[in-house]
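What follows is a set of notes on a single structure, which appears directly below.
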Amino acid sequence: MSVAGLILAAGESRRMGFPKALLRYRDETFLDTLIGLFAARCQPVIVVLGAHAGLIREGTRRPATFATNADYQRGQTSSMQCGLRAVPPTAESVLFTLVDHPAVAPATLDALLAGPGPRDAAPSEDRSRPTGYPVAAPIGATTVREWFPATTNDCPATIPGGTAPLVHTPRPLVRVPRYQGRRGHPIWFSRQLIAEFLDLPELGAARDIVRNRAAQTEFLDVDDAGILADIDDAEAYGRLTGAPL
């Protein structure tokens, strides 16, 4: 599966007082850390710049495809749309995050990108439903059960040498990680949704699309507090790194 990575780094970082993309996390900047994580799994990795674009480009060591949003002051939606316009037609999906979430674990990215496959089905599940069936949440999940529309290819299978049925579940349109019930970043979404994100009005938000697609959204419960590490100010940076800004 071809996946494009999309990292937004266009904000003014007013509360931080310094471009968040260039803050240090372990041995790299926030942006270089995320480019490295994404580049191992995505092609291309698109970084959207806006405020401080020249400074960030100069301070970034890892290669990426850079797009500059001249209208970054219009907000995050405009920057996301700028990046989505750079997604190549060969990309089947997008892995999306914000530059102030550098602490995500590699295993979380792998779970978000995991393809569909057979899953054990509980014997009590009702297979007579005409439009869908419950399936267990995928890799990394522990408690979530979602409903997805069935297709003509969604047929029960049987494990060779056994009797337990398997369910081939259709791939969702959105995957969102959760830690202790709280949603975070990155999120994965199908190319099918790019047009919907591009059609958002100036005051629209990406979460509106995710909310509208709730029936086709998969939530992954992960053991990764890094998905919630939204580093917006010096205090949050200190909690993340143990060092003053």
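The table that follows gives values for the structure above.
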{"item": "Number of the exception - R41 against (1) closer than 19 Å to I187 by Cβ; (2) buried (at least 23 other Cβ atoms within 10 Å of the Cβ); (3) in contact with a helix residue (DSSP H, G or I) (Cβ under 7 Å, 6 or more places away or on another chain)", "result": "(2)"}
{"item": "Some residue of segment 26-37 being at pLDDT below 95 and either out of contact with any helix residue (DSSP H, G or I) (no Cβ under 8 Å at 6 or more places or on another chain) or not basic (K, R) (or both)", "result": "yes"}
{"item": "Single residue of segment 204-225 satisfying the filter (touching a Ser or Thr at 6+ places or on another chain (Cβ under 8 Å) and either assigned to a helix (DSSP H, G or I) or of a type in the set (S, T, N, Q) (or both)) that is nearest to A114 (Cα to Cα)", "result": "V210"}
{"item": "Filter pass, A51 being closer than 26 Å to P244 by Cα, touching a Pro at 6+ places or on another chain (Cβ under 9 Å) and surrounded by fewer than 21 Cβ atoms within 10 Å (Cβ to Cβ)", "result": "yes"}
{"item": "Pair list, Cβ < 6 Å and 6+ apart or interchain, from segment 172-185 residues that are in contact (Cβ under 8 Å) with a residue 60 or more places away in the chain to residues that are polar (S, T, N, Q) and outside any strand (DSSP E or B)", "result": "P177/T108"}
{"item": "Test set (1) more than 25 Å from A206 (Cα to Cα); (2) at pLDDT 95 or above - G83 fails condition number", "result": "(1)"}
{"item": "Top-ranked residue of segment 82-91 - restricted to ones that are part of a loop (DSSP other than H, G, I, E, B) and touching a strand residue (DSSP E or B) at 6+ places or on another chain (Cβ under 7 Å), ranked as surrounded by the fewest Cβ atoms within 10 Å (Cβ to Cβ)", "result": "P88"}
{"item": "Among (1) surrounded by 15 or more Cβ atoms within 10 Å (Cβ to Cβ); (2) in contact with a helix residue (DSSP H, G or I) (Cβ under 9 Å, 6 or more places away or on another chain); (3) without any contact (Cβ under 8 Å) to a residue 60 or more places away in the chain, the one test that D71 misses", "result": "(1)"}
{"item": "Residues located in segment 49-68, provided they are among the aliphatic types (A, V, I, L, M) and under 23 Å from M1 (Cα atoms)", "result": "A64"}
{"item": "Residues of segment 1-34 satisfying the condition of being more than 17 Å from D110 (Cβ to Cβ) and of a type in the set (V, I, T)", "result": "I7, T29"}
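The values are calculated or read from the model by the stated rules, or taken from the named source; none is laboratory data. Worth saying up front: this structure is predicted, and the values here are computed from it rather than measured. All Cβ positions, glycine included, derive from the backbone under ideal geometry; neighbour counts span all protein chains shown.
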